Amino acid sequence: FISDLASTTERPKTLVIRKSPEQLQYFVTRGGDLQIGNADVASKTPSQFHDTIVDLVNGVGGSSSQILGYYGIQYVFMKNPADAGLVRIIDGIGGFTRSSATKDGVVWKVNNALARVTYQSDLGKYTTLNSTDKASTAYVPGPGVVFLAELFDKSWQLLLNGKQIKLEQNQFGVPIFKIPEAGDISLIHNGVSRRAWISLQLIIFLTVIVLALPAGRKRREVPLEELV
């Protein structure tokens with residue numbers, strides 16, 4: 001299922017859940033391997049996102065689908081052997097529509113989930129904006145809000161008609177930009193500081209390895225017993 005989604009141009013996010021009597025495991029996938037250039041490669045899972053999944057599993061997450069939808073989660077996949085009780089909870093909690101159930105697991109579609117980059121007009125109409133992994137360019141017809149279904153990161157920048165728009169968070173911690181007028185927008189992830197930090201970590205790692213290697217000794221420093 002996830003591989004099929006990866007072959008589409010949208011590459012929607014999927015929340016994969018596996019529950020056993022001992023623990024709950026989950027992760028979010030776009031259908032492809034995580035790469036070092038991804039904007040959220042080193043980001044910590046937001047507490048609100050984690051709490052939403054915990055509430056969903058406990059059957060008290062009435063707004064779970066809304067919050068997951070803001071983060072761009074369009075599908076929930078429960079891997080077999082699926083927990084029968086949890087399946088009933090998701091079926092009945094609202095905001096999730098059962099899509100399929102196969103030998104591999106159960107799939108639900110998250111109702112009204114946002115795309116990766118979404119524009120909401122002042123009239124409440126949502127429009128999906130085209131995007132790549134680290135950028136988006138589009139025209140917005142008037143005042144509204146641009147939602148970015150990613151983890152909050154100060155490196156996200158949006159220009160409207162060449163002017164930078166302030167980066168904010170909505171009530172669920174999702175990055176948003178309030179658009180005051182119509183115009184062309186350019187959304188990018190300025191990862192200069194992140195790349196510098198990764199480079200510094202690599203340098204430190206290599207330095208530690210070099211220092212840990214046994215130091216060579218000159219011939220005159222080797223005892224005669226070792227040379228014989």
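The table for this structure:
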| item | result |
| --- | --- |
| Verdict on Asp122 being more than 20 Å from the chain's Cα centre (by Cα), in contact (Cβ under 8 Å) with a residue 40 or more places away in the chain and open to solvent by 30 Å² or more (accessible area, probe 1.4 Å) | no |
| Count - residues of the range 150-166 that are open to solvent by 30 Å² or more (accessible area, probe 1.4 Å) and over 17 Å from Gly72 (Cβ atoms) | 8 |
| Residue tally, condition open to solvent by 90 Å² or more (accessible area, probe 1.4 Å) and either at pLDDT 60 or above or not in a helix (DSSP H, G or I) (or both), over the range 185-204 | 2 |
| Test for Arg30: is it at pLDDT below 80, open to solvent by 20 Å² or more (accessible area, probe 1.4 Å) and on the phi > 0 side of the Ramachandran plot | no |
| Strands (runs of 3 or more DSSP E) contained entirely in the range 87-152, each with at least 1 residues that are touching a Gly at 6+ places or on another chain (Cβ under 7 Å) and among the hydrophobic types (A, V, I, L, M, F, W, C) | 105-110, 135-140 |
| The range 68-86: number of residues that are modelled with pLDDT of 90 or more, part of a helix (DSSP H, G or I) and either at positive phi or open to solvent by 10 Å² or more (accessible area, probe 1.4 Å) (or both) | 1 |
| All positions within the range 167-183 that are more than 22 Å from Phe49 (Cα to Cα) and either touching a helix residue (DSSP H, G or I) at 6+ places or on another chain (Cβ under 8 Å) or open to solvent by 90 Å² or more (accessible area, probe 1.4 Å) (or both) | Lys178 |
| Flag for Asn112 being at positive phi and open to solvent by 20 Å² or more (accessible area, probe 1.4 Å) | yes |
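Listed here are the residues, each with its yes/no results for (1) β-branched (Val, Ile, Thr); (2) touching a Leu at 6+ places or on another chain (Cβ under 9 Å).
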position: Gln66; (1), (2): no, no
position: Met78; (1), (2): no, yes
position: Ile89; (1), (2): yes, yes
position: Tyr126; (1), (2): no, yes
position: Leu129; (1), (2): no, yes
position: Ala135; (1), (2): no, yes
position: Leu159; (1), (2): no, yes
position: Gln171; (1), (2): no, no
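The values are calculated or read from the model by the stated rules, or taken from the named source; none is laboratory data. Values in this document were obtained by computation on a predicted structure and should not be read as measured data. Cβ: placed from backbone, ideal geometry, glycine included. Neighbour counts: every protein chain shown. To get the accessible areas, we keep the full protein, side chains included, count just its heavy atoms, and leave off ligands, DNA and RNA. Shrake-Rupley method; radii C 1.70, N 1.55, O 1.52, S 1.80 Å.
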